[in-house]
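S.K.: My questions will all concern the structure given below.
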Amino acid sequence: MSARTQSTNSFLDALTGHPYNRFKQDPRFYWRYDFFYLLLSSALLVMMAMGARLGVFAPAFGAPALWWLGVWPVALFGLIWAHLVIHNCTHGNLPKSINRVVGEVLGVLVVVRFASWGVSHIRHHRYSDDRVKDPHPNFGSFVHTVKNTVTQVEQQLFEAYFETWGDTPENRQREKRRAMLSYGTNLLLIAVWFVLLGPWFTLLVFAPANILAGLFVIHFNWSTHNGERGTADADFEPVNLNHGYYKLGNMLFAGIYMHANHHKRPHLFNPVRWCNETYGPMAPTVTELTTRKSEQPA
């Protein structure tokens with residue numbers, strides 16, 4: 001096999017299979033992955049600029065309109081579901097033939113992209129609630145958890161790389177450059193949405209809905225790891241929630257708050273659909289645990 005053929009195959013490998021597996025197999029996986037999106041985003045921006053000059057392209061939305069108020073909740077609901085499906089793609093819960101493709105398309109929609117979602121989330125399952133190794137560990141304060149998540153995810157991608165390929169000065173420099181490429185690529189991807197949708201729609205609908213959907217995902221993770229207890233010394237661990245707001249959330253978002261079930265069986269698309277005969281007894285909900293404790297004799 002020629003060097004050119006081998007390089008092409010490696011590039012294609014970065015776009016197939018599960019990102020976490022490719023990350024473990026190829027030390028340059030992220031370089032190939034980001035470079036693909038760098039080229040794609042650049043090409044789309046050039047094509048749209050040329051199309052605008054030729055009069056054959058215009059942004060999808062122009063000046064703000066009242067009907068956008070009706071689009072807002074639909075966009076938010078759709079973006080939350082995009083994260084939910086990406087989550088399931090991370091666990092390979094869609095048919096193998098479309099799992100990676102769906103994950104990538106929805107990853108572009110929520111801007112973070114599938115590989116970063118997939119690699120960091122698999123690490124979360126391996127080191128759940130470990131303050132050092134979990135990409136998004138929880139704290140008593142939700143605000144603290146949000147701040148930590150924003151900074152911790154990228155750092156954990158560094159740590160995952162060093163654990164796999166060695167913590168050397170060369171690798172540290174390589175990862176710093178890779179992070180710059182990653183952030184630069186994301187900026188180009190944001191620019192694509194900005195031009196495609198139009199500046200007003202992006203700033204008033206797409207961007208805030210995306211940010212709110214991301215905060216929803218962080219809140220979901222926080223609340224389903226006992227974050228709702230709101231204390232610094234809470235016993236952070238995956239729990240099942242199915243009361244009040246969380247019950248409605250389970251109905252709207254495929255059992256998302258039955259998180260103890262998910263950690264036990266991550267290949268269930270909807271953790272509410274638990275089969276005791278197949279998986280054993282389902283973990284109790286927080287409400288059931290509280291009721292049991294209150295019924296115990298003093």
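S.K.: Condition (residue is of a type in the set (Phe, Trp, Tyr), over 27 Å from Trp165 (Cβ atoms) and in the same structural domain as Met180 (by TED's automatic domain parsing)) applied to the range 29-39: is it met by at least one residue?
M.R.: No, the range 29-39 contains no residue that is of a type in the set (Phe, Trp, Tyr), over 27 Å from Trp165 (Cβ atoms) and in the same structural domain as Met180 (by TED's automatic domain parsing).
S.K.: Related question: Of the numbered conditions (1) surrounded by 17 or more Cβ atoms within 10 Å (Cβ to Cβ); (2) in the same structural domain as Gly107 (by TED's automatic domain parsing); (3) not acidic (Asp, Glu), Trp200 satisfies every one except a single condition; which is it?
M.R.: (1)
S.K.: I'd like to check something: does the range 79-100 contain any residue that is over 27 Å from Ala260 (Cβ atoms), at pLDDT below 95 and among the hydrophobic types (A, V, I, L, M, F, W, C)?
M.R.: For the range 79-100, residues over 27 Å from Ala260 (Cβ atoms), at pLDDT below 95 and among the hydrophobic types (A, V, I, L, M, F, W, C): present.
S.K.: Another question, if that's okay. Say whether the condition of being touching a Lys or Arg at 6+ places or on another chain (Cβ under 6 Å) and farther than 21 Å from Pro27 by Cα is met by at least one residue in the range 136-143.
M.R.: yes
S.K.: Name the single residue, out of those in the range 223-250 being hydrophobic (A, V, I, L, M, F, W, C) and crowded, with 23+ Cβ neighbours inside 10 Å, that is farthest from Asn148 (Cα to Cα).
M.R.: Checked the range 223-250; the qualifying residue farthest from Asn148 (Cα to Cα) is Leu241.
S.K.: Cβ-Cβ distance below 7 Å, separation of 6 or more or different chains: which pairs start in the range 79-97 with a residue that is more than 28 Å from Val205 (Cβ to Cβ) and end on one that is outside any loop (DSSP other than H, G, I, E, B)?
M.R.: Gly92/Asn99
S.K.: With the checklist (1) aromatic (Phe, Trp, Tyr); (2) touching a Leu at 6+ places or on another chain (Cβ under 8 Å); (3) surrounded by fewer than 17 Cβ atoms within 10 Å (Cβ to Cβ) in hand, flag the one item Trp81 doesn't pass.
M.R.: (2)
S.K.: Looking only at helices (runs of 4 or more DSSP H) that lie completely in the range 253-298, which have at least 1 residues being modelled with pLDDT of 90 or more, in contact with a Ser or Thr (Cβ under 7 Å, 6 or more places away or on another chain) and under 20 Å from Ser128 (Cα atoms)?
M.R.: 259-264
S.K.: Trp193 passes all but one of (1) of a type outside the set (S, T, N, Q); (2) surrounded by fewer than 17 Cβ atoms within 10 Å (Cβ to Cβ); (3) assigned to a helix (DSSP H, G or I); which number fails?
M.R.: Against the list (1) of a type outside the set (S, T, N, Q); (2) surrounded by fewer than 17 Cβ atoms within 10 Å (Cβ to Cβ); (3) assigned to a helix (DSSP H, G or I), Trp193 comes up short only on (2).
S.K.: Need the failing condition index for Ala160 against (1) under 25 Å from Gly255 (Cβ atoms); (2) surrounded by 19 or more Cβ atoms within 10 Å (Cβ to Cβ), just the number.
M.R.: That leaves (1) as the condition not met.
S.K.: Hey, among Tyr161, Tyr245, which residue is in contact with an Asp or Glu (Cβ under 6 Å, 6 or more places away or on another chain) and under 30 Å from Phe269 (Cα atoms)?
M.R.: The unique qualifying residue is Tyr161.
S.K.: OK, next. Taking the range 120-162, which residues are of a type in the set (D, E, K, R), assigned to a loop (DSSP other than H, G, I, E, B) and without any contact (Cβ under 8 Å) to a residue 60 or more places away in the chain?
M.R.: Hits for the range 120-162 are Asp130, Arg131, Lys133, Asp134.
S.K.: Within the range 251-273, how many residues are free of Cβ contacts under 8 Å to residues at least 60 places away in the same chain, surrounded by fewer than 20 Cβ atoms within 10 Å (Cβ to Cβ) and not aliphatic (A, V, I, L, M)?
M.R.: 4
S.K.: Does Ala52 meet the test of being outside any helix (DSSP H, G or I), among the aliphatic types (A, V, I, L, M) and more than 20 Å from the chain's Cα centre (by Cα)?
M.R.: For Ala52, the condition - outside any helix (DSSP H, G or I), among the aliphatic types (A, V, I, L, M) and more than 20 Å from the chain's Cα centre (by Cα) - is not met.
S.K.: Another question, if that's okay. Could you look through the range 11-55, keep only residues that are loosely packed, with under 13 Cβ neighbours inside 10 Å and within 26 Å of Cys89 (Cα to Cα), and pick out the one that is modelled with the lowest pLDDT?
M.R.: Leu12
The values are calculated or read from the model by the stated rules, or taken from the named source; none is laboratory data. Given the structure is predicted, the values throughout are model-derived calculations rather than measurements. Please note: Cβ atoms are built from the backbone with ideal geometry, for glycine as well, and neighbour counts cover all protein chains shown.
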